[in-house]
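Notes to accompany the following structure.
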C-alpha cells in the first residue's frame with residue numbers, strides 16, 4: 001500500500017538520492033550534483049519542509065516525493081542568502097548555473113507565487129503515487145489559502161505533460177527552461193487539517 005505523509009528529516013538522504021537519480025546526476029561530477037540538489041531539492045527540504053510530502057511503501061521505502069515553496073519571495077530570499085554562497089564555494093560554474101536556473105519561476109511570480117517539484121521512482125510509476133502526492137499537496141495549499149501553483153516541465157516529457165494537464169494544469173508558455181504550467185486552486189472557507197493519503 002502506498003502512503004503519502006508529511007516529509008520528515010529521516011527521509012532527507014533518500015529524497016536527495018532519488019533527486020539525483022531522476023536527473024541522471026548520480027555519477028556526475030561534484031558541481032553537477034551540487035547544482036541539481038540545490039535547485040531541485042535542498043532549498044525546499046531546508047526552508048519549507050511543511051509543504052513537502054513523501055510517498056512510501058509499507059516497509060517505509062521511498063517511492064516518490066513532492067517538494068513545494070508556497071511563496072516565491074521566500075524562495076528567492078533563502079536562495080540568495082544561503083544557497084548562492086554555497087554554490088560559489090563549489091565553483092564559479094556552479095554559482096552561475098544555479099543563479100540562472102532560479103529565474104525559471106521568477107517571471108511568473110506576479111500571477112503565481114507557489115511552485116513545486118515532484119518525482120516518482122521509475123520502477124514505481126503508473127501505480128498512483130504521483131496522483132496521491134499531487135492531491136496531498138493541493139489539499140495542503142488550499143487550506144493555506146494559496147490561490148495557485150506552477151511548475152516547469154521538460155517539453156520532451158510527454159507523459160508528465162499529459163499527467164499535469166489531466167489534473168487541470170494549463171500551459172502558460174515555453175521558455176528556455178521548459179514548459180511553464182499553472183493551476184488555479186479553489187480556496188475553501190475553513191483552515192487546514194493535516195492529513196495523510198493512502199492508496
In the range 2-21, the residues that are crowded, with 16+ Cβ neighbours inside 10 Å, part of a helix (DSSP H, G or I) and in contact with a helix residue (DSSP H, G or I) (Cβ under 8 Å, 6 or more places away or on another chain): 15, 16, 19, 20
Filtered residues of the range 133-163 (kept if surrounded by 17 or more Cβ atoms within 10 Å (Cβ to Cβ), under 20 Å from residue 106 (Cβ atoms) and more than 14 Å from the chain's Cα centre (by Cα)): 146
Qualifying residue in the range 23-46 (condition: under 21 Å from residue 109 (Cβ atoms), free of Cβ contacts under 8 Å to residues at least 60 places away in the same chain and loosely packed, with under 15 Cβ neighbours inside 10 Å): yes
Looking only at the range 85-108, and only at residues there that are modelled with pLDDT under 80 and surrounded by fewer than 16 Cβ atoms within 10 Å (Cβ to Cβ), the one that is farthest from residue 31 (Cα to Cα): 107
Test set (1) more than 21 Å from residue 137 (Cα to Cα); (2) within 18 Å of the chain's Cα centre (by Cα) - residue 5 fails condition number: (1)
Some residue of the range 70-79 being farther than 20 Å from residue 144 by Cα and buried (at least 19 other Cβ atoms within 10 Å of the Cβ): yes
Matching option when the condition is modelled with pLDDT under 95 and under 14 Å from the mean Cα position of the chain (by Cα), among 25, 43: 43
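The values are calculated or read from the model by the stated rules, or taken from the named source; none is laboratory data. Fair warning: this is a prediction, and the values are worked out from it, not measured in the lab. Using ideal geometry, Cβ is built from the backbone for each residue, glycine included, and neighbour counts are taken over all protein chains shown.
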